[in-house]
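The values are calculated or read from the model by the stated rules, or taken from the named source; none is laboratory data. Since the structure is predicted, the reported quantities are computational estimates derived from the model, not experimental observations. Cβ: placed from backbone, ideal geometry, glycine included. Neighbour counts: every protein chain shown. Surface areas here come from the heavy atoms of the whole protein model, side chains and all, with no ligands, DNA or RNA. Shrake-Rupley method; radii C 1.70, N 1.55, O 1.52, S 1.80 Å.
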Amino acid sequence: MFDLIVLGGGPAGYLAAERAGHAGQKVLLIEKRALGGVCLNEGCIPSKALLHSAKVLDYAKHGAQYGVNISGASIDHAAVVARKNRVVKTLVSGVAALMKANKVTVVTGEGMLTGKNTVRVGGDTYEGRNLLICTGSEPVIPPIKGVKEGLANGLVLTNREILDLPAVPESLVVIGGGVIGLEMASYFNSAGAKVTVIEMLPTIAGPTDREISAILLKNYTDKGVVFHLGARVVEVTENAVVYEQDGKTVSVPADKVLLSIGRRASTKDIGLEAAGVYCERGAIVTDRRMQTNVAGIYAAGDVNGRYMLAHTAYREAEVAVNNILGKRDVMRYNAIPSVIYTSPEVASVGETEETAKEKGLDVEIVSQQMMYSGRYVAENLAGDGICKLIIDKKRRTVLGAHLIGNYASEIIYGAAIMVETEMRVSDIKELVFPHPTVCEIIRETIFAC
Ligand code: NAI
């Protein structure tokens, strides 16, 4: 009998196993593919490795603008992928070591709940006092003509296959201008592919602040990516993607197609019915302690369909384990940062101008050009980045922060602390920021209100 059985070894699962093991619990972790899950093996980490190579190439190609002449810079895609694989291997073996250090038993195989306390893996059944479901998410595959065939013959790729392409395709059509679509469009555009993004909505980057998504669109249009917005894909043929826009049907030639129209919780065939776990719209429903409707069964990460972000999964896993250990802890979602690792980077936290308006919040919007940061000017040529803060008019606290410009990914946690702790504008004004840094833009923006 285990104290805790964790199903799924991604960020939620491995972190929960580590924490519970560290606390002295007897833990079993079941993973069907590789420790680290989508994040480490086919998501966050490998895509960042690719994007870093693109950044190095872009610097080399545009070095002359900074007084550095480099000729013949080019990408060796196979070497980029090989380096990406080494990065993944290092981190996955790090997770394995972590499991060992915390005395977690790891079983490779597909686990299935057979009751409230039992999980079957192949011919073996394991018993646990508590269960934590962390089975993650998978790409949405739409019933669009030709997609199934394209996936089978290698024309259509998901986030998994695109990271291992042996060569840069001449043309890449991306279906869906969300996070995955934009990050991959960014890499393959730098690597020399002709990239076209087809997005159903009139804007890219989903719920991102409208002004910021427009700046991002302009940056990538200038870099040569072609966008078709308000466009609905109706068919994928052997060598093209067909979409409808304003009543017209248009065909775009494609050597490869990336399908990135969102992800859905992985709740199928894991025995949720046998255990009586309740789902809504395909995702497990939990309370703020991450417990499902069944006492002793918890769920954390993408599988609960709330935020499909690894860092949210980490915190949800901690909350679940703390409750299992008898410590009171609840999940809060008001200050979850999110980042798009394009160049320029986009990062945000909390309310946007749009959500504040929808909720009828009385807010002041303060915006400042990134050019107000000395370091940003020193490192960017005519950069058009901005920082936007959403301030509660009465309470004078920060409700949201939105940035476009490089290093935004590393700056946003500071803004998240401000949102989470409901810091007052007057208190932020008294903070000392390191100089010269791009994060000083937060200080500049705060002083503009
Ligand atoms: P997404 O939800 O970010 O974007 C999907 C886009 O596809 C949306 O803009 C949607 O309007 C569009 N779309 C849907 N159906 C379409 C159709 N038939 N034709 C054209 N466009 C269509 O989903 P994505 O990019 O697949 O990412 C999945 C998840 O992975 C996200 O929830 C994200 O949180 C996570 N992720 C996070 C990253 C990060 O934090 N940097 C990086 C990559 C993924």
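Can you list residue pairs whose Cβ atoms sit under 6 Å apart, with the first residue in region 46-68 being under 18 Å from GLU161 (Cα atoms) and the second being of a type in the set (Asp, Glu)? Count only pairs 6 or more apart in sequence or on different chains. Pairs found: SER47/GLU183. Has region 364-377 got any residue that is away from the ligand (no atom under 16 Å from the Cβ) and within 30 Å of ASN130 (Cβ to Cβ)? No, because not a single residue in region 364-377 is away from the ligand (no atom under 16 Å from the Cβ) and within 30 Å of ASN130 (Cβ to Cβ). The C-beta contact set for region 243-264 (first residue more than 28 Å from GLU138 (Cβ to Cβ) and modelled with pLDDT of 95 or more, second residue charged (D, E, K, R) and within 9 Å of the ligand (Cβ to nearest atom), distance under 8 angstrom, 6+ apart or interchain) comprises GLN245/ARG232. Pairs meeting the criteria (first residue in region 11-37 and over 20 Å from ASN304 (Cβ atoms), second residue assigned to a strand (DSSP E or B) and of a type in the set (D, E, K, R), beta carbons under 6 Å, at least 6 apart or on different chains) are GLN25/ASP3; LYS26/ASP3. Selection within region 242-284: residues that are among the acidic types (Asp, Glu) and part of a strand (DSSP E or B). The member of this set that is most open to solvent (accessible area, probe 1.4 Å) is GLU280.
Selection within region 356-373: residues that are without any contact (Cβ under 8 Å) to a residue 40 or more places away in the chain and either assigned to a helix (DSSP H, G or I) or of a type in the set (S, T, N, Q) (or both). The member of this set that is surrounded by the fewest Cβ atoms within 10 Å (Cβ to Cβ) is GLU358.
Cβ separations smaller than 9 Å between residues 6+ apart or across chains give the following pairs from region 209-224 residues that are touching a residue at least 24 places away in the same chain (Cβ under 8 Å) and assigned to a helix (DSSP H, G or I) to residues that are of a type in the set (Lys, Arg) and open to solvent by less than 40 Å² (accessible area, probe 1.4 Å): GLU211/LYS388; ILE212/LYS388. Scan region 105-136 for residues that are among the β-branched types (Val, Ile, Thr), touching a Phe, Trp or Tyr at 6+ places or on another chain (Cβ under 9 Å) and either surrounded by 19 or more Cβ atoms within 10 Å (Cβ to Cβ) or at positive phi (or both) and jot them down. The answer is VAL119, ILE133. Restricting LEU201, LEU182, LEU165, LEU229 to those that are over 18 Å from the mean Cα position of the chain (by Cα) and under 22 Å from CYS39 (Cβ atoms) reduces the list to LEU165.
For ALA152, the conditions (1) assigned to a loop (DSSP other than H, G, I, E, B); (2) away from the ligand (no atom under 15 Å from the Cβ); (3) among the small types (Gly, Ala, Ser) all hold with the exception of (1). Being β-branched (Val, Ile, Thr), open to solvent by 70 Å² or more (accessible area, probe 1.4 Å), under 26 Å from GLU183 (Cβ atoms) and not in a loop (DSSP other than H, G, I, E, B) is a property that holds for ILE417.
GLU183 meets the stated requirement of being of a type in the set (D, E, K, R), crowded, with 16+ Cβ neighbours inside 10 Å and touching a residue at least 60 places away in the same chain (Cβ under 8 Å).
Screening region 30-145 for helices (runs of 4 or more DSSP H) wholly inside it with 1 or more residues that are over 25 Å from TYR14 (Cβ atoms) returns the ranges 44-61, 77-101. Evaluate the following for LEU57: is it surrounded by 13 or more Cβ atoms within 10 Å (Cβ to Cβ), closer than 20 Å to SER409 by Cβ and in contact with a helix residue (DSSP H, G or I) (Cβ under 8 Å, 6 or more places away or on another chain)? Yes. Just so you know, in region 173-214 the residues that are touching an Asp or Glu at 6+ places or on another chain (Cβ under 7 Å) and under 22 Å from GLU235 (Cβ atoms) include one that is nearest to the ligand (Cβ to nearest atom), and it is GLY176. Contact map, region 398-421: first residue closer than 9 Å to VAL346 by Cα, second residue among the aromatic types (Phe, Trp, Tyr) and not in a strand (DSSP E or B), Cβ cut-off under 7 Å, separation 6 or more or different chains; pairs are GLY405/TYR376; SER409/TYR341.
Number of residues in region 229-248 that are away from the ligand (no atom under 14 Å from the Cβ) and closer than 21 Å to THR203 by Cα: the value is 3. Considering ARG332, ARG315, the condition of being open to solvent by 60 Å² or more (accessible area, probe 1.4 Å) and either in a helix (DSSP H, G or I) or touching a Phe, Trp or Tyr at 6+ places or on another chain (Cβ under 9 Å) (or both) is satisfied by ARG315 alone.
Selection of region 291-305 for residues being in contact with a strand residue (DSSP E or B) (Cβ under 8 Å, 6 or more places away or on another chain) and β-branched (Val, Ile, Thr) yields THR292, ILE297, VAL303.
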